[in-house]
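Comments concern the structure below.
The values are calculated or read from the model by the stated rules, or taken from the named source; none is laboratory data. Note that the structure is predicted; figures quoted are calculated from it, not measured. Backbone-built Cβ (ideal geometry, glycine too); neighbour counts: all protein chains shown.
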Amino acid sequence: EESKKIVLEEPAGAEPAKKIKIHQGVQNRDKRVKVCGWVHRLRSQKGLTFIVLRDGTGYLQCVLSGKLTQTYDALTLTNESTVEIRGVIKSLPEGKTAPDGHELVADWWQCIGKAPGGDESFTNLVAEGADPSILADRRHLVIRGETASAVLKVRSKVLQAFRAEFEHQGLTEVTPPCMVQTQVEGGSTLFSFDYYGQPAYLTQSSQLYLETCLPSLGDVFCIQESFRAEKSHTRRHLSEYTHLEAELAFLSFDELLAHLEELICGTLERVFADPKTKALIEQLNPNFKMPSRPFMRMDYKDAIKYLNDKKILTDSGEEHKVGDDIAEAAERKMTDDLNVPIFLINFPREIKSFYMKRCPADERFTESVDVLMPGVGEIVGGSMRMSDQKQLLEAYKTEGIDPAPYFWYTDQRKYGTSEHGGYGLGVERFLAWLTNRWTVREASLYPRWTGRCTP
Ligand code: 4AD
């Protein structure tokens, strides 16, 4: 193989090539450049070889002609091989199309690493319609595709936009630990492990830590992985997901809801202000509708009534009654019917977490909120928190939690309490909604779910 490798000579008198990334193509037209990347698409026609090159920053059509197309490497080139191409980027005449409306007319190129052809070829391995579990094993190849990489690019912008919006609203970012010895959302979904001979867990939520930051830093947020040993095998549950959480002090439930609306809409405005991201979302989700404000507010009891009026039944085929958890299928059905973002508020105590503040008007219910989005259902869970130490101690008891390891959480009430509230947003669920993905798995780089911890 090596003996067949003939390195071409650069054309005599060629100006030195400037190294660029593909997204810098437009401002570097009509100059000699060099670009490195992966062969995304390949086609030969009338003595010309067309390569659509990909470097993660964009796509660039490159044309090889003459003796550039006659080398051994040119004749055996495959998709996903890496190449370096030098030449001049020329805008295309009217009527011809290529990414950014231009193409690189090559005067020199070399193959850096050839990818296999035949049975082992990339195209063969990630063929559309392949078994989902095989594609999950090949996630490292799947992410090279246009759709998967578009979702990951939107994800990057969305995280930036959330951070910018938090900054704008004056919240401080913190990084709580992932290895913990307390639970937040119930013992049944904890992943436990041995920590120097002591039991410990992977965090389910950073909420309790965020609450302790209020007296130190004021309103805070974090973007951190959370872990859930979910038994449910659904298209919106992961074992590890990116959890965006915030906590705010001295505010009312209404103010918490207003903040959530502001965060979601402000973030979306920032995301759409970037033309490249806007184009990616339009490609992934052409029917996306910007939510209008104010979001619909729906009391839990009215949701139960709605479900019964519409004959939407529980998973076991019964009518809903007050006190029931609204299962995923029913929640989805309702959200899809209403087809707008919904603040579902005031859930009953018994189906919600121990720390939630009770409604002053009816102590059987809590000042809690789920944000529901069409196509996905719940993307946010939040609430006001108990601010009274005695009430919290009772809540531990009711839940069967030993208060000892929670001393630091209890102290949040002891050393200068405040009305406060917060929420957690599932980043993959937000993205599944924004980019219209069938499952949250598509919004995660290397998703983990029941039985899957690889690649
Ligand atoms: O409703 P959850 O369980 O709430 C909490 O953990 C609170 N302690 C958060 C807080 O108030 N700081 O989870 C919050 C959100 C859900 O609405 C959902 O979007 C996401 O986290 N989520 C999951 N996403 C993917 N896979 C899972 N298994 C998830 N579990 C929750």
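Restricting segment 160-182 to residues that are among the aliphatic types (A, V, I, L, M) and within 15 Å of the ligand (Cβ to nearest atom), the residue that is farthest from PHE221 (Cα to Cα) is VAL180. No other residue among THR49, THR57 is part of a loop (DSSP other than H, G, I, E, B), β-branched (Val, Ile, Thr) and surrounded by 13 or more Cβ atoms within 10 Å (Cβ to Cβ) apart from THR57.
In segment 183-222, the qualifying residues are those that are of a type in the set (Val, Ile, Thr) and within 12 Å of the ligand (Cβ to nearest atom), and the one that is farthest from TYR423 (Cα to Cα) is THR189. Filtered by the rule that a residue be modelled with pLDDT under 95 and exposed (fewer than 13 other Cβ atoms within 10 Å of the Cβ), segment 391-401 gives THR398, GLY400.
Here GLN224 does not qualify as modelled with pLDDT of 95 or more, assigned by TED's automatic domain parsing to the domain that holds THR439 and touching a helix residue (DSSP H, G or I) at 6+ places or on another chain (Cβ under 7 Å).
Listed here are the residues, each with its yes/no results for (1) of a type in the set (D, E, K, R); (2) modelled with pLDDT of 95 or more; (3) in the same structural domain as GLN169 (by TED's automatic domain parsing); (4) within 11 Å of the ligand (Cβ to nearest atom).
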residue: SER232; (1), (2), (3), (4): no, no, yes, yes
residue: PHE250; (1), (2), (3), (4): no, yes, yes, no
residue: CYS265; (1), (2), (3), (4): no, yes, yes, no
residue: GLU282; (1), (2), (3), (4): yes, yes, yes, no
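Taking the conditions (1) surrounded by 19 or more Cβ atoms within 10 Å (Cβ to Cβ); (2) in a strand (DSSP E or B) in turn, ARG43 satisfies each one other than (1). When residues in segment 81-107 are screened for being touching a His at 6+ places or on another chain (Cβ under 8 Å) and not β-branched (Val, Ile, Thr), 3 of them pass. Would you say GLU128 is assigned to a loop (DSSP other than H, G, I, E, B), of a type outside the set (Gly, Ala, Ser) and away from the ligand (no atom under 16 Å from the Cβ)? Answer is yes for this residue.
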